[in-house]
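Engineer: What follows is a single structure, and I will ask about it in a moment.
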Amino acid sequence: MTSMPLPALRLAAVLAVAAAMGGCATPVDTRTIVSDSPSYLNDNFTPMQLSAAVRSQVEKGEPMAPRFRRIEFRHSVVVEGQGNRYEVQANTTLTNLGNGYVQQRTEYARNDLAYRVNLALSFAGIHLLRSQTTFLERASAQQPLEIKELIRFDRGLGNPKPGQSYVMEARLGTAPQLMGFTYEKRTCTAGQPVPASVLMLELQGTAIPLECVKTGENGVVINKMKFVWLPDLGVGFQTDYVSARETSLYTLHSINVTR
């Protein structure tokens with residue numbers, strides 16, 4: 001048997017580690033996501049794509065009855081940062097998969113031209129459990145980002161109470177990634193009830209504001225997000241995003257709910 005030279009052995013070892021950290025997977029054709037999003041969502045963004053350990057953490061506790069079947073809403077996002085300011089339009093569809101799981105598809109457009117599609121499986125529309133971004137001008141979509149390990153998960157976020165805080169602590173990586181995961185901690189604090197009309201004038205009843213703070217391995221704040229949680233629907237709608245680089249303000253323009 002011919003042995004490999006030492007430099008080649010070192011290169012092979014480096015490549016092996018890189019493959020384990022980054023994983024190997026066939027790129028997803030952008031056309032697949034655009035032309036048949038419902039099938040792609042059902043094949044890739046359900047609880048079954050999560051590991052058994054993550055599912056058991058998310059589902060631990062009392063089952064959550066679905067309060068809607070489908071929500072379609074139109075919103076806009078004003079983004080400011082690093083000397084730039086621009087606005088994007090977005091159309092989102094939420095499908096309730098039961099027990100707190102919500103499947104999401106958002107199409108973003110500028111100048112009335114779609115340029116990006118985000119797909120996700122979330123908990124109550126707030127915590128992303130699995131997500132994928134596709135820029136439509138590119139041949140392939142980004143690899144899905146998913147929770148690999150849940151260190152802590154406060155399921156009470158699915159029915160937040162004023163003054164209470166809820167923590168999700170996790171390690172994340174791309175779907176094919178095997179090691180070198182990214183740590184994050186999200187702490188969401190519920191405020192006092194406000195009129196649901198703060199989200200959109202046509203909405204009635206009350207709502208619960210949520211502020212979620214994301215920190216990394218060293219405890220430094222990475223970003224802050226605000227949501228308005230609607231008890232009638234059992235789902236949160238994002239209103240603000242703040243990071244060191246930019247701020248985003250979300251405005252809801254229309255909503256259609258199928259019970």
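Values in this text are rule-based calculations from the coordinates and carry no lab data. Keep in mind that this is a model prediction, so the values were computed, not measured. Here the Cβ positions follow ideal geometry from the backbone for every residue, glycine too, while neighbour counts run over all protein chains shown.
Engineer: Any idea how far apart THR26 and ILE151 come out in nm if each label point goes 7 Å out from Cα toward Cβ?
Structural biologist: My value for the distance between the label points is 3.6 nm.
Engineer: Counting Lys +1, Arg +1, Asp -1, Glu -1, what net charge surrounds THR92 among other residues with beta carbon under 13 Å of its beta carbon?
Structural biologist: Values: positive: ARG70, ARG74, ARG105, ARG116; negative: GLU72, GLU107.
Taking every Cβ under 13 Å from that of THR92, the sum is +2.
Engineer: Continuing with this model, one more query. Quick one: order VAL28, VAL167 by neighbouring beta-carbon count within 10 Å, fewest to most. Walk me through the numbers on the way to the answer.
Structural biologist: Numbers: VAL28 19, VAL167 14.
Taking fewest neighbouring Cβ atoms as first place, the list is VAL167, VAL28.
Engineer: Please check: in the Gaussian network model of the chain (C-alpha springs, under 10 Å), which one of THR174, THR93, THR26 has the largest mean-square fluctuation.
Structural biologist: Among THR174, THR93, THR26, the largest mean-square fluctuation in the Gaussian network model of the chain belongs to THR26.
Engineer: Let me ask you something else. For the chain, find the longest principal axis of its Cα atoms and tell me its angle to the long axis of helix 6-22, 0 to 90°, nearest 10.
Structural biologist: Approximately 20 degrees, to the nearest 10.
Engineer: Something else: Go through region 150-155 residue by residue and turn each phi into a ³J(HN,Hα) via Karplus (6.51, -1.76, 1.60, θ = phi - 60°); whole Hz please, and just put x for glycine and proline.
Structural biologist: For region 150-155, the Karplus-derived couplings read 9, 7, 8, 8, 8, 5 Hz, x marking Gly and Pro.
Engineer: Shifting gears a bit: Gaussian network model of the chain, Cα springs within a sub-10 Å range: biggest mean-square fluctuation belongs to which of ASP232, ASP36, ASP154?
Structural biologist: Among ASP232, ASP36, ASP154, the largest GNM mean-square fluctuation belongs to ASP36.
Engineer: How fast does the chain diffuse by Stokes-Einstein, in µm²/s, taking the Kirkwood radius from C-alpha pairs at 37 °C and 0.692 mPa s?
Structural biologist: D = 166 µm²/s.
Engineer: Pick from ILE208, ILE147, ILE222: which is most flexible by mean-square fluctuation in a GNM of the chain where alpha carbon atoms under 10 Å apart are linked?
Structural biologist: ILE222
Engineer: Sum up the lysine pairs in the chain that clear both bars: alpha-carbon distance under 13 Å and a spacing of 8 or more or different chains. Walk me through the numbers on the way to the answer.
Structural biologist: Working: LYS185/LYS214; LYS185/LYS224; LYS214/LYS224; LYS214/LYS226.
Eligible lysine pairs with Cα atoms under 13 Å apart amount to 4.
Engineer: Treat each spin label as a single point 7 Å out from the Cα along the C-beta direction, and report the SER140 to GLU246 distance in nm.
Structural biologist: 2.4 nm
Engineer: Mind giving me the FRET efficiency for SER51 and TYR86? R0 is 30 Å, r the Cβ-Cβ distance, nearest 0.05 is fine. Kindly include the intermediate steps, with their values, before the conclusion.
Structural biologist: Working: r = 38 Å, r/R0 = 1.26.
Given R0 = 30 Å and the Cβ-Cβ separation, E is 0.20.
Engineer: Applying 1/(1 + (r/R0)^6) with R0 = 25 Å to the Cβ-Cβ distance of LYS214 and ARG67, what FRET efficiency is obtained, to the nearest 0.05?
Structural biologist: On the way: r = 26 Å, r/R0 = 1.06.
E between LYS214 and ARG67, to the nearest 0.05, is 0.40.
Engineer: Now, a different point. Rounded to the nearest 0.05, what FRET efficiency do TYR183 and ASP112 have when you use their Cβ-Cβ distance and R0 = 35 Å? Write down the numbers at each step before the final one.
Structural biologist: Details: r = 40 Å, r/R0 = 1.13.
With a Förster radius of 35 Å, E is 0.30.
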